[in-house]
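Colleague: Sharing a structure here in C-alpha cells format.
The values are calculated or read from the model by the stated rules, or taken from the named source; none is laboratory data. Quick caveat, the model's predicted, so the values are computed rather than measured. Cβ placement follows ideal geometry from the backbone for every residue including glycine, while neighbour counts extend to all protein chains displayed.
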Amino acid sequence: MKASIKFLVGAALTIVTCMSQAGFAGLSGESSAEKTANNQKFEGDWSGTLAGALHLVLHVKKSASGEYTAVLESVDQGHAVMPVDKLDVSAEHLFLSVNAVKGTFDAKWDDKTNAWIGTWTQGQQLPLILSR
C-alpha cells in the first residue's frame, strides 16, 4: 500500500499558485465582510493524511497584492514539493490540480468538522481531509 501511495503522490509535493483576490472573493451573494472572512479562513495551514498513510500539509499565504501562494508538503517523503497548476476555491468548494503527477484534489467544505473533505485522484481515488 505504501509503495502505491508513493506512486500516486509522486516524489515531491509543493504547490505554488497565485490567484487574484477578486477571483477568490468572487463568492456570489456574500457581503464584503463575509468575503474577507472567507479569505482569512482559507489562508493558513491545512493538514491531512492521504489514505491513512501519507501526511500532507497545504500552506496557504496571501501576498500584499492579494495573490495567494500555496505549498503542499509531503511530510513523509522528506518534505518533498511540487507545483500546483490550478487552484480554485470558494466558501464551499476547493479544487486543485498537479499536472506533474496527473493528480487532483476535489473537496467540499464541511462546517461541522471545519475541514475540506474530498478525494485525491491520481490513477485511483483516495479519501483526503484537510483541516487545521
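Colleague: Only one of (1) aliphatic (A, V, I, L, M); (2) under 14 Å from residue 42 (Cβ atoms); (3) touching a Leu at 6+ places or on another chain (Cβ under 7 Å); (4) crowded, with 20+ Cβ neighbours inside 10 Å fails for residue 82. Which number is that?
Modeller: (2) is the only condition that residue 82 fails.
Colleague: Which strands (runs of 3 or more DSSP E) sit wholly inside segment 45-93 and have at least 2 residues that are touching a helix residue (DSSP H, G or I) at 6+ places or on another chain (Cβ under 7 Å) and within 15 Å of residue 132 (Cβ to Cβ)?
Modeller: Qualifying strands (runs of 3 or more DSSP E): 54-62.
Colleague: Restricting to segment 95-112, and then to whatever is buried (at least 17 other Cβ atoms within 10 Å of the Cβ) and among the polar types (S, T, N, Q), can you tell me which residue is modelled with the lowest pLDDT?
Modeller: It comes out as 97.
Colleague: Residue by residue through segment 119-132, note down the ones that are farther than 16 Å from residue 57 by Cβ and not hydroxyl-bearing (Ser, Thr, Tyr).
Modeller: Those that are farther than 16 Å from residue 57 by Cβ and not hydroxyl-bearing (Ser, Thr, Tyr): 122, 123, 124, 125, 126, 127.
Colleague: Can you report the number of residues in segment 71-81 which are farther than 16 Å from residue 126 by Cβ and modelled with pLDDT of 80 or more?
Modeller: 6
Colleague: Further question: In segment 94-114, which residues are in a strand (DSSP E or B) and either polar (S, T, N, Q) or touching a residue at least 60 places away in the same chain (Cβ under 8 Å) (or both)?
Modeller: Residues satisfying the conditions are 96, 97, 98, 103, 104.
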